[in-house]
Amino acid sequence: MDSGRLLYKGSGCAMVTPFTKENTVDCAALRKQAAFQLENGTDALIVCGTTGEASTMDAREQAEAVGMVVEAADGRVPVIAGVGGNDTARAIRTCRQARSLGADAVLAVTPYYNKTTQAGLVAHFTALAEASELPVLLYNVPSRTGLNLLPATAEELAAHENIVGLKEACGDIAQAAETIRRCGPRLPVYSGSDELTLPMLSVGGAGVVSVAANLVPRRMHRLCALYFDGDTEQARREQLALLPLISALFCEVNPIPVKTAMAWLGWCEGRLRLPLVPMRPENKARLISCLQEAGLVP
């Protein structure tokens, strides 16, 4: 792996954004979360991404959250700010805001709803990379955006010096492997799905952007570290042991379950912004059971 283009190696936490009863960003809870991550080996902090409900936050709230996490990290791990959207001009403004707040890189999802072509993806991400002055981590999640960033497109984008990685959440290991084959060390690829962390590492992935790390940061870091240290059998056992919890965390739309779990554990209020709604009781009971089995209690 080309260390010059590697934002981080291992487990990055896709952080939840806690909200207060007044529906504002809960800065005290966010600071507490960041400290917990740093104490437990997380290799990067990703703020204002999908798990952080960024699409429901205005520019001021996003700035507040990013600034708080940058301050808490204090240079110890990279802070990656979510900036993606379906309006290139607005995404560029968010990139510049992230830079002014001290973020180390930005995470940019493929445009959604109005979407685009593969040529449009090249134009969109190139515009972000040239305007942001921060390294750009691409984010492919076709289940949410309706648009798939194909390996040939990733290869073309990898030629840009400011595009330094890909969060791959297409759910297709064959596609991810083809992207890694084409791009090699020019474009480190991170799993965007917790349950596919080990399979992604096995085809050359650089780590994971993890939802589960909100709850078990040490274990997600350990899973990656074991693999990179050559203990593939123990890494396999760790991945399999985590599967029931990971499955429960995605039994409803993310971040509903993980935020519910964090509220049950006492980390935050657990408030969601519409259109997200509270978990169904039977799914919440399943989630709590999995938390307890994983040794997590309030």
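For the chain, build the charge dipole from Cβ charges (+1 Lys, Arg; -1 Asp, Glu) around the Cα centre, then report which of Ser210, Cys27, His160 sits farthest towards its positive end.
Cys27
So how strong a dipole does the chain carry about its Cα centre when Lys and Arg Cβ are +1 and Asp and Glu Cβ are -1, to the nearest 20 debye? Please list the in-between numbers first.
Working: 28 positive and 31 negative charges, 75 e Å.
It comes to approximately 360 debye.
For the chain, modelled as a GNM with alpha-carbon contacts under 10 angstrom, which of Val136, Val122, Val208 fluctuates the most?
Fluctuation is largest for Val122.
How many percent of all Cα-Cα pairs in the stretch 8-69 sit more than 21 Å apart?
Considering the stretch 8-69, 17 percent of its Cα-Cα pairs are separated by more than 21 Å.
Looking at Leu240, Leu201, Ile180, which one has the Cα that reaches farthest to the positive end of the dipole of the chain (charges on Cβ: Lys, Arg +1; Asp, Glu -1)?
Of the candidates, Leu240 comes out farthest on the positive side.
Only Cα pairs within less than 10 Å get springs; with that Gaussian network setup on the chain, which residue of Arg31, Arg237, Arg181 has the largest fluctuation?
For the chain, modelled as a Gaussian network with Cα springs under 10 Å, the answer is Arg237.
With a 1.4 Å probe and all protein chains left in place, how much of the accessible area of the stretch 53-142 comes from carbon and sulfur atoms, in whole percent?
48
Check which residues have an amide H placed less than 5 Å from Ser210's amide H, if you skip close sequence neighbours.
Here Gly12, Cys13, Ala14 satisfy the definition.
Going out from 0 in 10 Å bins, what whole percent of all Cα-Cα distances in the chain drops into each bin?
7, 30, 38, 22, 3
Pull up all non-local amide H partners of Leu107: gap of 5 or more, or a different chain, and H-to-H distance under 5 Å with H placed in the peptide plane.
Ala81, Gly82, Val83, Leu137
Take the Cα atoms of the stretch 174-238, build their convex hull, and give its volume per residue in Å³.
Values: hull volume 5.2 nm³, N = 65.
Looking at the stretch 174-238, the number lands at 79 Å³ per residue.
Taking each pair of different alpha-carbon atoms in the stretch 132-278 once, compute 1/r for the pair, average those values, and report the inverse of that mean as the Kirkwood hydrodynamic radius in Å to one decimal.
It is 16.3 Å.
Quick check for the chain: number of Lys pairs with alpha-carbon distance under 19 Å, counting only pairs 8 or more apart or on different chains?
Numbers: Lys9/Lys167; Lys21/Lys32; Lys21/Lys259; Lys32/Lys259; Lys115/Lys167; Lys259/Lys284.
For the chain, qualifying lysine pairs total 6.
Distances over 21 Å make up what percent of all Cα-Cα pairs in the stretch 210-293?
Details: 1117 of 3486 pairs.
That fraction is 32 percent.
Have a look at Asp194, Asp172, Asp43 and tell me which one the Gaussian network model of the chain (Cα, springs below 10 Å) gives the largest fluctuation.
Checking each option, the largest mean-square fluctuation is seen for Asp172.
Rounded to a whole number, what % of the accessible area of the stretch 174-298 do carbon and sulfur atoms account for, probe 1.4 Å?
Carbon and sulfur atoms account for 55 percent of the accessible area of the stretch 174-298.
Expected output is a single nm value to one decimal: the length gained when fully extending between Leu274 and Ser247, i.e. 0.36 nm times separation in residues minus the C-alpha distance. What is it?
In short, 7.4 nm is gained.
Ignoring everything except DSSP H segments at least 4 long, calculate the 222 nm mean residue ellipticity for the chain; use -39,500 (n - 2.57) per segment, divide by total residues, nearest 500. Intermediate results must be reported in sequence, preceding the final value.
On the way: 12 runs with 137 residues, N = 298.
Value at 222 nm, helices only: -14000 deg cm²/dmol.
What whole-number value in Å² describes the accessible area per residue of the chain for a 1.4 Å probe? Working shown, then result.
Working: 12100 Å² over 298 residues.
Each residue of the chain exposes 41 Å² on average to a 1.4 Å probe.
Counting Lys +1, Arg +1, Asp -1, Glu -1, what net charge surrounds Lys21 among other residues with beta carbon under 12 Å of its beta carbon?
Residues close to Lys21 contribute a combined charge of -2.
What percentages make up the Cα-Cα pair-distance distribution of the stretch 65-111 when the bins are 10 Å wide from 0?
31, 50, 18, 1
The values are calculated or read from the model by the stated rules, or taken from the named source; none is laboratory data. Everything numeric here is computed off the predicted structure, so don't read it as measured data. Methodologically, a virtual Cβ is constructed for each residue, glycine included, from the backbone with ideal geometry; neighbour enumeration extends over all protein chains shown. The area values use the complete protein model at the heavy-atom level, side chains included, leaving out ligands, DNA and RNA. Shrake-Rupley method; radii C 1.70, N 1.55, O 1.52, S 1.80 Å.
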